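Student: Have a look at this one before I ask anything.
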Amino acid sequence: MPPVFAHGELRLYLLVLLVEGPRHGYELITELAGRFGGTYRPSAGTIYPRLARLEEEGLVRRSEAGRKATYELTPEGRAEVEARWDDVRRLERAVAETVRTRADDLRQDIRSTMQGLRAELAAAAQEARARPRPGPGTPPDPRRATSYTLRQEAEMVLRRFRDDVLADLREADVASAVSTLTVDTVRTVLASARSAIVATLPTAQGPPTTPGPGGPPGSPGVPDATRMTTGTTDTNGASR
């Protein structure tokens, strides 16, 4: 998805938001998300460096209010907004068009996801119908009950792991500490972990395999790492 703001536009939009009065950095992030109807939410690593540059340029004044810093326009900042009012109007029109485009893209993604989900449900139902059913009086397979219990435990471990890592990432993002190395490590580790886990599961080709000295089990079947990543990112990046 293309960037939301062109070069310099987010800087101007922050000045416009501060025309309405002093705000905390988090309030600016929330206001931007609201202006975009929830289709875009800038990260702290995008907003705070820009506010710091605006302060260096003398366009914004930063003041401490308890545990939070408040930002407000200086007379020079207000004068820049007034001098660039035509640019502001063009930017507002561009934002409205971006909201419509991103909303259309989101609706299309939802439709595609729902189509895929319906196809998966239909395939699962067909597989269930084709599976032989035990006759009357046949005792339940204890392996099925054990497998179900262990699957639930594995899913709980995965959910806890996901929640813990997301919390760590969000905390690091507040300090602008998430790096390319972090993302590459996530991809590499998750791809390796998935390969090792899948190798313990029986397949049509045979029973579970065990790790060998040459690498993780199931190395030839290592999945595309991009399939292991989820979530949305800030499309502007910290470089703007």
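The values are calculated or read from the model by the stated rules, or taken from the named source; none is laboratory data. Small disclaimer: the values here were computed from a predicted structure and weren't measured. Reconstructed Cβ throughout: ideal geometry from the backbone, glycine too, with neighbour counts over all protein chains shown.
Student: Determine which member of the set Y71, Y40, Y13 is under 25 Å from D173 (Cβ atoms), hydroxyl-bearing (S, T, Y) and modelled with pLDDT of 90 or more.
Tutor: Working: Y40 fails: modelled with pLDDT of 90 or more; Y13 fails: modelled with pLDDT of 90 or more.
Just a single option satisfies the conditions, and that option is Y71.
Student: Let me ask something else about it. Exactly one of (1) outside any helix (DSSP H, G or I); (2) free of Cβ contacts under 8 Å to residues at least 24 places away in the same chain is unmet by R107. Its number?
Tutor: (1)
Student: Shifting gears a bit: Hey, among L17, L28, which residue is outside any loop (DSSP other than H, G, I, E, B) and in contact (Cβ under 8 Å) with a residue 24 or more places away in the chain?
Tutor: On the way: L17 fails: in contact (Cβ under 8 Å) with a residue 24 or more places away in the chain.
The match here is L28.
Student: Being aliphatic (A, V, I, L, M) and surrounded by 11 or more Cβ atoms within 10 Å (Cβ to Cβ) is the filter here; which residues of segment 155-185 pass it? Walk me through how you get there before you give the answer.
Tutor: As a first pass, look at segment 155-185 and keep what is aliphatic (A, V, I, L, M): 156-158, 165-167, 169, 172, 174-175, 177-178, 181, 183.
Within segment 155-185, L158, V165, L166, L169, A172, V174, A177, V178, V183 meet the criteria.
Student: When you scan segment 188-208, how many residues do you find that are at pLDDT 50 or above, part of a loop (DSSP other than H, G, I, E, B) and surrounded by fewer than 16 Cβ atoms within 10 Å (Cβ to Cβ)?
Tutor: Final tally of qualifying residues: 5.
Student: Does E56 meet the test of being surrounded by fewer than 13 Cβ atoms within 10 Å (Cβ to Cβ), free of Cβ contacts under 8 Å to residues at least 12 places away in the same chain, under 28 Å from A177 (Cα atoms) and acidic (D, E)?
Tutor: Numbers: surrounded by fewer than 13 Cβ atoms within 10 Å (Cβ to Cβ): yes; free of Cβ contacts under 8 Å to residues at least 12 places away in the same chain: yes; under 28 Å from A177 (Cα atoms): yes; acidic (D, E): yes.
It is true that E56 is surrounded by fewer than 13 Cβ atoms within 10 Å (Cβ to Cβ), free of Cβ contacts under 8 Å to residues at least 12 places away in the same chain, under 28 Å from A177 (Cα atoms) and acidic (D, E).
Student: Can G45 be described as at pLDDT 80 or above, at positive phi and either surrounded by 10 or more Cβ atoms within 10 Å (Cβ to Cβ) or in contact with a helix residue (DSSP H, G or I) (Cβ under 7 Å, 6 or more places away or on another chain) (or both)?
Tutor: Numbers: at pLDDT 80 or above: yes; at positive phi: no; either surrounded by 10 or more Cβ atoms within 10 Å (Cβ to Cβ) or in contact with a helix residue (DSSP H, G or I) (Cβ under 7 Å, 6 or more places away or on another chain) (or both): yes.
The answer is no for G45.
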